[in-house]
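Notes follow once the structure below has been shown.
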Amino acid sequence: MQGCSGSPRAVIGGGKDGLTTAGNYCFMGAMKKQRTGRPADKTDDNKGVKLKPGQLFEAIVSELNEDGDALVRHEGKTVRVTGALPGETVQARITFAGFRETRATTVKVLRHARSRLLSPPCPKLGQCDGCPLMLMNYPAQLAWKRDMVTREVRRQPALQETVVHALLPSPRPLQYRNSAKLVVAGKFNDPVIGIYKRGSHDVLDIGDCPLHLPLINTIVAAVKAGIRKGKVPIWSPRSETGLLRYLVVRVAEATNSAMVVFVTAERSYNEIHHLAKFVQAAVPEVTVVAQNVNGSAGNVILGPRDNFITKATAIVDSIGEVKFAISPRSFFQVNGGGARLIYEQVRSFSNLSGAERVLDLYCGVGGISLFLAGSAGSVLGIEVVEAAVADAAKNARLNGIANCSFEAGDATELLDGLREDGERFDLIVLNPPRKGCDEPVLQAAAAIAPATMIYVSCSPRSLARDLEILARLGYRTAEIQPVDMFPQTPHVENVALLRRQ
C-alpha cells in the first residue's frame, strides 16, 4: 500500500498497517524509499556522466524492480522508468537525477511487450503511481509475482527444493479495495481528493479509482459536493490554515454499509456536522460518521481521538463465515476476497483434526485465529497491540466462538513464558509485519517444538530470510503458496508450510 498487510490488526499510528502516508497505498508515489539491505537497482554505478531532468533517451527495458518500476541502462547508469514493461523499447524523459538514483518516465513505447494492455482501465495511469502493474494483463502480473517470489526464495541455501506454487489470483483484479485514505486539498469551491504525486505535496484527484469498490467513489463524490455546498475550509500545509485534512472511507461489503472519517486540524463541530448530514443524505449506505482531530505536522493520518457524529460507531463485515466489527482504528483486510484465500490456505495447510492446540503469533484482531477455531481444540492469539487484542476478543464474542483466547504482550517474552510453563502446541502460525520476525521470536517459537509452523508474509524478502533461519532451527519449508491480495501493484502475500525435522 501499499500498501500490503497480514491478518487484521488494530492501528493506532504507524507500523506495517499504520494509517500513515508511508503505509498507505494512496501515498506510495510520494513516499517510496529505497529498501535497505541488498542494494536495489545497482545504484552504485550512478556516477560519471551527469544526466539532467528533461533529457530524452531511448532504451530497452531489462526487468522490473520490486516496486514495479522498469530498469534500463543509459550512459552507464541504471535508470528507474515508470510506464514501461520488460522487453520493451521506450523513449523516456529524465525526471530526477540524483547522486544515488535516476528516475524517468515513459514518453513513447517504440516496441510493445506482448503483456501490455493497450487500453488500461484507468485514464490517470500515467500520473498516478499507485498501480505500476496496471499496464500488464492480469495473467502476466501473476507470472511476474511468482517469479519475484521464486527469486527471493532461491537465494537461500535451505530453500532450493521448496515448492513455490503459481499464484492464487484475486477474485476481483479491479474494484477490490474496501477502504481508502485520501488527502483533501484545494479550495472549498474546487476541492481535490486524492493522493500525493511522487516526490511532492501536490495532490492528484483520482476520481473514479478502478481499484476502489464503487461505493467508495460514490462517497468521495458526495464529500466533494458537500464541501462546496457547506464552504468547508480545506487545510493548507503551506499556510497552516483551514480545517479538513484527510478523508478515510471504509466499506463493509457483507452489510453494504460504510464508515466515513473526516480528519480535521481542529475540533470544529458545526462544519463537519453539516457535511456529515449532507453525505448521509446523498449516500444512505453511510451508517457511521466520525470526526478525528489531528493537529500534528507529521504524516500520521489519524489523531488520538475519534468523535462520532452518528450513534453507530462500527460497521460489520465478514471474511468467509467469520464476522468482524470495524471501527475507525480497527485494521481490516482491504481485499476481503483475497483475505479469504489466505485464511483458507492456512486452514488447508494446518490439516487440523479438531483436537490440536494452536498458537497464532501477531494475531491482530483475530482473523486467522477465528478462522481456525472451528477445526482446532483451542487457539491462543498473541499480539503486542492491546487495542487489537480487545478487538479480537470482541470479534470472538460476535461470532460465538468460545475456544479462542487472546493475550497482549511481547511475542518473545510470552513464548518463553509458555515454554517455561510446559505449554505445548501442535501448530504455530506466524503472521508478522512486513519486516518479518526478529530472530529471538523464531528461536522461541522453535523451542516450543510444534510439529508444524505456518508463516504468512507480505514480503518475499523477509519471508525467505526467516525461513532460512527456521531451517537452521530444525524446520523445513515444504511449500509456499503465493496469493495475489493486491492486483495491479507489486505486492504479494505468501503462505509457507514448515514441518519439524
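For the reader, a short list of remarks on this structure follows.
- Odd one out for residue 364 among (1) at positive phi; (2) free of Cβ contacts under 8 Å to residues at least 40 places away in the same chain: (2)
- Residues satisfying the stated conditions in segment 234-255, i.e. in contact with a strand residue (DSSP E or B) (Cβ under 7 Å, 6 or more places away or on another chain) and of a type outside the set (A, V, I, L, M, F, W, C): 242, 245, 246, 250, 253, 255
- Within segment 159-174, the set of residues being assigned to a loop (DSSP other than H, G, I, E, B) and of a type in the set (Val, Ile, Thr) comprises 162 only.
- Subset of segment 53-81 [of a type outside the set (A, V, I, L, M) and touching a residue at least 60 places away in the same chain (Cβ under 8 Å)]: 66, 67, 68, 69
- The listed residues are 418, 427, 442, 463, and the only one of them that is modelled with pLDDT of 95 or more and more than 19 Å from residue 364 (Cα to Cα) turns out to be 418.
- Residue satisfying condition, being closer than 30 Å to residue 260 by Cβ and surrounded by fewer than 21 Cβ atoms within 10 Å (Cβ to Cβ), within set 208, 147, 129: 208
- In a residue-by-residue description of segment 293-312, the property of being at pLDDT 95 or above and of a type in the set (Ser, Thr, Tyr) applies to at least one position.
- Residues of segment 72-94 that turn out to be touching a strand residue (DSSP E or B) at 6+ places or on another chain (Cβ under 7 Å) and surrounded by fewer than 18 Cβ atoms within 10 Å (Cβ to Cβ), as a count: 5
Listed here are the residues, each with its yes/no results for (1) of a type in the set (Gly, Ala, Ser); (2) in contact with an Asp or Glu (Cβ under 9 Å, 6 or more places away or on another chain); (3) in the same structural domain as residue 69 (by TED's automatic domain parsing).
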site	(1), (2), (3)
431	no, yes, no
439	no, yes, no
442	no, yes, no
446	yes, no, no
460	no, yes, no
471	yes, no, no
487	no, no, no
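Let's see how each residue does on (1) surrounded by 15 or more Cβ atoms within 10 Å (Cβ to Cβ); (2) over 25 Å from residue 326 (Cβ atoms); (3) of a type in the set (D, E, K, R):
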{"position": "159", "(1), (2), (3)": "yes, yes, no"}
{"position": "171", "(1), (2), (3)": "no, no, no"}
{"position": "175", "(1), (2), (3)": "yes, no, no"}
{"position": "180", "(1), (2), (3)": "yes, no, no"}
{"position": "184", "(1), (2), (3)": "yes, no, no"}
{"position": "213", "(1), (2), (3)": "yes, no, no"}
{"position": "223", "(1), (2), (3)": "yes, no, no"}
{"position": "230", "(1), (2), (3)": "yes, yes, no"}
{"position": "238", "(1), (2), (3)": "no, yes, yes"}
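- Some residue of segment 421-444 being over 26 Å from the mean Cα position of the chain (by Cα) and of a type in the set (S, T, N, Q): yes
- Just one of the numbered conditions (1) in the same structural domain as residue 201 (by TED's automatic domain parsing); (2) under 30 Å from residue 224 (Cβ atoms); (3) buried (at least 18 other Cβ atoms within 10 Å of the Cβ) is not true of residue 331: (1).
- Meets criteria (out of contact with any Lys or Arg (no Cβ under 9 Å at 6 or more places or on another chain) and among the polar types (S, T, N, Q)) for residue 299: yes
- Condition met for residue 271 (out of contact with any Ser or Thr (no Cβ under 6 Å at 6 or more places or on another chain), assigned to a helix (DSSP H, G or I), assigned by TED's automatic domain parsing to the domain that holds residue 426 and of a type in the set (D, E, K, R)): no
- Residue list for segment 255-268, filter: β-branched (Val, Ile, Thr) and either in a strand (DSSP E or B) or over 26 Å from the mean Cα position of the chain (by Cα) (or both): 260, 261, 263, 264
- A single member of 206, 216 is among the aliphatic types (A, V, I, L, M), at pLDDT 95 or above and outside the structural domain of residue 86 (by TED's automatic domain parsing), and it is 216.
- Applying the set (1) modelled with pLDDT under 95; (2) farther than 17 Å from residue 68 by Cα; (3) assigned to a loop (DSSP other than H, G, I, E, B) to residue 128 leaves exactly one unmet item: (2).
- Restricting the search to strands (runs of 3 or more DSSP E) fully inside segment 175-254 and requiring at least 3 residues that are of a type in the set (Gly, Ala, Ser) and within 25 Å of the chain's Cα centre (by Cα) gives 179-187.
- Flag for residue 285 being within 26 Å of residue 234 (Cα to Cα), in contact (Cβ under 8 Å) with a residue 60 or more places away in the chain and among the acidic types (Asp, Glu): yes
- Taking the listed residues 400, 436, 474, the one that is at pLDDT 95 or above, at positive phi and touching a Ser or Thr at 6+ places or on another chain (Cβ under 7 Å) is 436, with no other qualifying.
- One residue from 172, 177, 198 being touching an Asp or Glu at 6+ places or on another chain (Cβ under 6 Å) and in contact (Cβ under 8 Å) with a residue 24 or more places away in the chain: 198
- Test: residue in segment 274-283 that is of a type in the set (Phe, Trp, Tyr), part of a loop (DSSP other than H, G, I, E, B), crowded, with 16+ Cβ neighbours inside 10 Å and on the phi < 0 side of the Ramachandran plot: no
- Residue 107 passes every criterion in (1) touching a Phe, Trp or Tyr at 6+ places or on another chain (Cβ under 8 Å); (2) surrounded by fewer than 18 Cβ atoms within 10 Å (Cβ to Cβ); (3) β-branched (Val, Ile, Thr) apart from (1).
- Close pairs (9 angstrom Cβ cut-off, 6 or more residues apart or separate chains): in the same structural domain as residue 278 (by TED's automatic domain parsing) in segment 307-319, part of a strand (DSSP E or B) and hydroxyl-bearing (Ser, Thr, Tyr) anywhere: 310/287; 312/257; 312/287; 315/257; 315/287; 316/257; 317/257
The values are calculated or read from the model by the stated rules, or taken from the named source; none is laboratory data. Just so you know, these numbers come straight off a predicted model, no measurement behind them. Virtual Cβ from ideal backbone geometry, glycine too; neighbours counted across all protein chains shown.
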